[in-house]
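Single-structure report; data block below.
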Amino acid sequence: MLDLNYVRDHLLQVEEKLRQRGLNPEELLGGFRDLDARRRQAITAAETLKAERNKKSEEVGRRKRTGEDATALMEETKSLREEGERQERVAAQLEEEMRGVMSQIPNLPHASVPVGRSEHDNVEVRRWGAPPQFNFQPKPHWELGEQLGVLDLERATKLSGARFAVYWDLGAKLERALANFMLDLHTGQHGYTEVLPPYAVNSSSMYGTGQLPKFAGDSFKLQEHDLWLIPTAEVPLTNLYRDETLEEDQLPISVTGYTPCFRSEAGSYGKDVRGIIRQHQFQKVELVKFSHPDRSYDDHEKLTRDAEVVLQRLGLHYRVVTLSTGDMGFGSAKTYDIEVWLPGQNLFREISSCSNFEAFQSRRANIRFRPAGKKRTEFVHTINGSGLAVGRTWLAILENYQQPDGSVVIPEVLRPYMGVEKIVARKK
């Protein structure tokens, strides 16, 4: 959530930043000035009435002490109190309406974000490695997985419907190996603390990271409970410190967690219907940092590099792009997408989004820190990214390490976790 005073004092700038996102400021900020003016008017009226009431109350007391009749003045005081309380209720109602307006406004893009209308305006920052060369036509992961007997989409559909997957044997073991490898790397070499959070969270947590109220339709809610299946570990990990005040010397705090993620994919009908690119359930290793505002963009760069190391160790060709203003997520001030090369589909595919939210989430979740030597607290900056999406890493290994005989070579760093050097067709 944006700072109300900032929006009020920089309304024209906010409107321009929203236009850069491809949004209509009038739709998002419609009535903002009027609503804000009425709210401040009600607050001022309540304070003025309170001051007048206090003054008259003193006069009532004086008259009673001197034996004078204070009946009429007492009635005036009562009326002032009642009107003051009414103005306070009006102000509270307008405050709630204002909060509703503010909750719908996305974050403002950082000055370094390229202005654009869509993903076609994203800017490539760097590439690592080179695509593998094949002397045969490489296959997509859904064909490889089925032929090897390690990916079973048909039985998953029987169990749960479309956009679910069943992994068999070494396919299941590869998923587990990847998660363990990523967690060991981030905790052992990158300084993250591993956390195993709940997989269902309350509405306050979903609000804190920006999923509610705007994106309720993208998530799964448990009936008769104030609980939502997490769309990403970002939600429980970020909300670990909700309504808490940290000390400055604690920052940055870096946490990582491996969880399933659940998404309705409500707006993705007809997209990526083959394979496991876009699933209702998938697993992911998440990276989250709580950062000092002065250092958050340095921490954002480091988190992105930490995610990249996973692909480098696995020997997977990738590129990093800066998302344009028209392609950014709701809460992000700046986002890098890491896109891995998939030879079976002859394209780059996003495998991690690393975003700096600045104070957008911490203001919603009330996560503060106390600067050394100061009494007034400030909001931390939150940063997160996939480190990595395990399913997409899984399919990237199948497509990049496939062999002419249909087998898949296991990257060397995963062999201690797998106990084998390649995946061959499973006997069914």
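The values are calculated or read from the model by the stated rules, or taken from the named source; none is laboratory data. All figures in this text were calculated on a predicted structure; none of them were measured in a lab. Cβ atoms come from the backbone with ideal geometry, glycine included; neighbour counts cover every protein chain shown. Just the protein is used for accessible areas: all its heavy atoms, side chains included, with ligands, DNA and RNA removed. Shrake-Rupley method; radii C 1.70, N 1.55, O 1.52, S 1.80 Å.
Taking the DSSP bridge list for the chain and keeping only pairs wholly inside it, about 90 percent are antiparallel.
For Ser103, the shell of other residues with beta-carbons less than 9 Å away shows a net charge of +3, using +1 for Lys and Arg and -1 for Asp and Glu.
Calculate, for Leu159 and Lys55, the FRET efficiency according to 1/(1 + (r/R0)^6) with r their C-beta to C-beta distance and R0 60 Å; round to the nearest 0.05. Computed FRET efficiency for Leu159 and Lys55 comes out at 0.25. In a fully extended conformation the segment linking Gln93 and Arg295 would gain 69.0 nm over its present Cα-Cα distance, using 0.36 nm per residue.
Partners of Lys302 within straight-line reach, counting aspartates and glutamates whose Cα lies under 16 Å from its Cα and excluding those fewer than 8 residues away in the same chain: Glu286, Asp294, Asp337, Glu358. Note on the chain: helix-only mean residue ellipticity at 222 nm, from DSSP H runs of 4+ residues weighted -39500 (n - 2.57) and normalised by residue number, equals -13000 deg cm²/dmol. Straight-distance candidates among the lysines for linking to Lys214, with alpha-carbon spacing under 21 Å and chain neighbours fewer than 8 residues away dropped: Lys17, Lys334. Let a ≥ b ≥ c be the square roots of the eigenvalues of the Cα gyration tensor of region 200-347; is it rounded (a/c under 1.5), or, if not, prolate (a/b larger than b/c) or oblate? Because a/c hits 1.5 or more and a/b fails to exceed b/c, region 200-347 counts as oblate.
Separation of region 299-326 from region 188-255 is 22 Å, based on Cα centroids. Within the shell of other residues whose beta carbon sits under 11 angstrom from the beta carbon of Ala359, the net charge comes to 0, with Lys and Arg scored +1 and Asp and Glu -1. Here the dipole of region 310-428 is about 720 debye; that uses its Cα centre as origin and unit charges on the Cβ of Lys and Arg (positive) and Asp and Glu (negative). Between the alpha-carbon centres of region 41-57 and region 100-144 there is a gap of 56 Å.
Computed from Cα atoms, the angle from the helix 296-314 axis to the main principal axis of the chain rounds to 20 degrees.
The ratio of the alpha-carbon radius of gyration of region 191-231 to the globular-protein estimate 2.2 N^0.38 Å is 1.27. For Lys422, a cut-off of 22 angstrom between C-alpha atoms picks up these lysines, skipping any fewer than 8 places away in its own chain: Lys139, Lys173. Report note on the peptides 296-309, 389-402: ranked by the mean count of other C-beta atoms within 10 Å, highest first, their order is 389-402, 296-309. Relative contact order for the chain: 20 percent, from Cα pairs under 8 Å spaced at least 6 residues apart, divided by residue count.
In percent, rounded to a whole number, the relative contact order of region 42-123 is 34, using alpha-carbon pairs under 8 Å and six or more apart. Charged neighbours of Val273, selected by a Cβ distance under 13 Å, balance to +2 (K, R count +1; D, E count -1).
For the chain, the Kirkwood hydrodynamic radius comes to 24.5 Å, computed from all pairs of different C-alpha atoms.
For region 32-94, the C-alpha radius of gyration divided by 2.2 N^0.38 Å, with N the number of residues, is 1.39.
For the chain, the longest principal axis of the alpha carbon atoms and the long axis of helix 169-188 meet at an angle near 50°. List the relative contact order of region 158-311 as a percent without decimals, with contacts defined as Cα pairs under 8 Å and 6+ residues apart. Computed value for region 158-311: 27 percent relative contact order. The length gained by stretching the chain between Tyr6 and Arg370 to full extension, at 0.36 nm per residue less their Cα-Cα distance, is 128.9 nm.
Just the Cα atoms of region 37-179, one point each, no solvent: what log10 I(q)/I(0) does Debye give at q = 0.10, 0.16, 0.22 Å⁻¹? Each listed q corresponds, in turn, to -0.72, -1.02, -1.21. Residues Arg364, Arg38, sorted by accessible area with the largest first, give Arg38, Arg364 [1.4 Å probe; ligands and nucleic acids excluded]. Relative to its residue count, region 273-362 spans a Cα convex hull of 130 Å³ per residue.
In the full protein context, the chain carries 49 Å² of accessible surface per residue, based on a 1.4 Å probe and ignoring ligands, DNA and RNA.
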